[in-house]
1. Too long at a 30 Å Cα-Cα cut-off: which of LYS504/LYS538; LYS69/LYS286; LYS504/LYS610?
2. Which one of PRO181, VAL140, TYR439 has its Cα pushed farthest toward the positive end of the charge dipole of the chain, where Lys and Arg give +1 and Asp and Glu give -1 at the Cβ?
3. Putting +1 on Lys and Arg Cβ atoms and -1 on Asp and Glu Cβ atoms, find which of VAL593, ASN64, ALA272 reaches farthest to the positive end of the dipole of the chain.
4. Using the Cα centre of segment 419-491 as origin and beta-carbon charges of +1 (Lys, Arg) and -1 (Asp, Glu), tell me which of ILE448, ALA468, LEU424 is placed farthest towards the positive end of the dipole.
5. Would you give the gap between the C-alpha center of segment 138-191 and the C-alpha center of segment 463-484, rounded to a whole Å?
6. Just to verify a number: what accessible area does GLU121 come out at with the full protein assembly present, 1.4 Å probe, Å² rounded to tens?
7. Roughly how large, in nm² to one decimal, is the mean projection of the convex hull of the alpha-carbon atoms in segment 266-313?
8. Translational D (Stokes-Einstein, µm²/s) of the chain at 20 °C and 1.002 mPa s when Rh comes from the Kirkwood sum over C-alpha pairs?
Amino acid sequence: MKPLRDPQRELLLFRTRIVVASGAVAFACLLLLSRFIWLQVLKHDDYHARAESNRIAIVPVPANRGLIKDRHGRVIARNYSAYTLEINPREVRDVNAVIDALAQVVEIQPRDRRRFRKLLEELRGADSIPIRTRLSDEEVARFAANKFRFPGVELRARLFRHYPLGEVGSHLIGYIGRISPADKERIATWPDAANYVGTDYIGKVGLEQSYERELHGTTGFEEVEITAGGRPVRTLSRTPPVPGNNLILSVDMNLQEVAERAFGNRRGALIAIEPATGDVLAFVSKPTFDPNLFVEGIDPVNWEQLNNDPDKPLLNRALRGTYPIGSTYKPFLALAALELGKRRPEQVFHDPGYFIYGGHRFRDSNKVPLGPVDLHRSIVKSSDVYYYMLANDLGVDAIHDFMKPFGFGQLTGIDIEGEQTGILPSTAWKERRFKQKWYGGETISIGIGQGYNSFTLLQLAHATAILANNGIVMKPHLVKAIEDPRTGQRRLTVPKESYRIPLKPENLRVVREAMVDVNISGTARVAFQGVPYRVAGKTGTAQVIGIKQNEKYDERRIHERHRDHSLYIAFAPADAPTIALAVIVENGGFGAVAAAPIARQVLDYYLLGKVPTAPALPREGAEPLLAQTGIE
């Protein structure tokens with residue numbers, strides 16, 4: 001017999017179930033509602049930004065790099081746009097196979113492959129690396145038609161840097177190149193590092209490096225709507241980039257070209273300065289190189305040729321080379337003697353052709369005794385004996401203290417990176433460097449610009465400009481002004497003098513007249529024969545290797561790399577100088593034979609507009625024309 005049903009109990013159970021189910025549904029709805037409020041209200045801004053970031057890409061727009069112009073407005077570094085073919089290594093499985101296939105569509109030469117492999121190794125992790133640059137319109141059209149065959153390969157419009165003068169002025173202009181990992185580390189320390197997002201190129205050497213942040217400009221950006229696959233759909237907004245500032249150089253590139261051509265195929269450097277302003281008019285280092293080779297990454301073959309060339313074309317001799325300056329030091333020592341009261345202009349000393357100190361015989365490069373020599377004749381005929389005695393009387397510390405304000409052994413502060421300090425010796429310097437005391441015999445060679453003396457040609461040119469400017473010191477500079485490309489407004493880089501060296505006008509006049517006579521009846525008379533303007537100058541010959549005490553110097557028996565350096569300094573017109581210069585020809589021999597003729601061509605062009613028709617230097621290995629004339 002079945003038990004009787006209990007309706008009340010069943011109803012209670014049913015109602016309980018309904019309440020529990022309703023509570024569960026209500027709780028679930030509450031959870032959904034709270035989650036909805038969390039997502040749609042509390043986290044709305046965050047998720048809205050995420051959604052927008054997936055839909056919108058911020059694309060940096062590089063600015064046009066500033067132009068570089070010479071003092072007459074001649075453009076020596078410019079930009080142009082062209083297409084480049086780039087491969088993303090992370091999206092391509094077999095890079096070599098892709099390059100082989102691309103070669104069937106566009107021309108890819110062996111140097112393109114070498115450069116690509118070099119960049120692939122240097123720029124690990126890069127999104128894209130160029131395999132071909134500067135494609136023609138026909139090549140662009142062919143690749144566009146075959147684009148579907150090459151996933152991971154893109155055609156991009158790029159701005160390229162071009163140096164229209166090629167090798168002329170390459171050491172001062174420098175070049176740009178792709179940003180390397182080391183560059184990225186350096187940029188990260190800059191306060192405007194964010195401005196380099198999307199930038200692929202940076203100044204590597206020369207003015208391109210030193211004025212990088214002036215030339216770079218301000219990067220713009222575009223807000224671009226993209227698909228889930230990253231394809232751009234449309235541009236939503238655009239903030240245009242601001243082009244970089246232009247550099248207006250103090251350099252006259254016509255003068256630069258004349259000076260470089262005057263060297264022929266010889267090694268050396270020349271710096272010409274306008275004394276009154278510090279404007280560098282020419283900044284020559286020979287041999288030169290073509291900076292266009294480096295813009296897209298130099299290929300290994302060209303790099304090996306430049307890097308292994310015994311003439312070292314990549315060395316900036318004007319800025320980084322340090323040399324003994326020989327007898328070009330003598331006018332400054334003569335001025336020191338007058339200013340410090342160690343000599344009077346009319347004092348006469350006997351030059352027997354040698355000077356003996358401590359049992360050592362110091363020879364005179366004139367090879368013959370000059371007899372009675374006063375200060376004027378000591379400069380005109382370049383008497384070593386006179387300056388051996390003078391250095392001994394002055395002492396190394398007095399020489400150091402007088403020469404230091406002229407910039408010898410000091411950084412000039414020129415606006416290009418890499419300047420060397422050189423050596424202006426003193427007793428304290430030797431103690432620091434070698435932990436040894438100074439010996440009196442070491443002072444003797446200082447008097448003729450040898451010994452421990454080691455200066456850059458920039459320092460010698462700077463000191464010559466100070467001498468020409470009556471002791472007023474102007475900081476040498478390659479960039480005269482920085483120009484805003486939008487307004488044309490310019491600001492000077494060196495608006496005023498640095499300091500003054502107190503020099504007596506009568507002492508300056510004595511030294512200046514002697515330097516003028518150097519080119520009339522002295523060591524540089526042949527090089528400046530018939531010159532129609534007054535020029536003050538001084539020749540110099542600097543020893544590269546030592547020779548034994550009783551051994552005669554014979555250029556023909558010495559390896560070319562071991563021969564003496566040829567130097568010359570000058571300023572003109574002598575009474576109101578508008579140009580001062582210093583020249584060195586490495587292993588060129590006598591200053592009058594190699595360096596002075598180069599200076600003559602440069603001065604003739606600058607002062608007279610006379611364009612030389614041939615290099616100033618004699619053919620390498622030819623018999624020195626003045627070797628037996630006693631001309632230094």
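The values are calculated or read from the model by the stated rules, or taken from the named source; none is laboratory data. Just so you know, these numbers come straight off a predicted model, no measurement behind them. For neighbour counting, all protein chains shown are included, and Cβ atoms are generated from backbone atoms with ideal geometry for every residue, glycine included. Just the protein is used for accessible areas: all its heavy atoms, side chains included, with ligands, DNA and RNA removed. Shrake-Rupley method; radii C 1.70, N 1.55, O 1.52, S 1.80 Å.
1. Working: LYS504/LYS538 21 Å; LYS69/LYS286 21 Å; LYS504/LYS610 36 Å.
Violating the 30 Å Cα-Cα cut-off are LYS504/LYS610.
2. The residue sitting farthest along the positive end of the dipole is PRO181.
3. Selected residue: ASN64.
4. Going by the Cα projections, it comes out as LEU424.
5. Going from one Cα centre to the other spans 35 Å.
6. The value for GLU121 is about 120 Å².
7. On the way: hull surface 17.7 nm².
Approximately 4.4 nm², given one-decimal rounding.
8. Working: Rh = 29.0 Å.
Here the translational diffusion coefficient equals 74 µm²/s.
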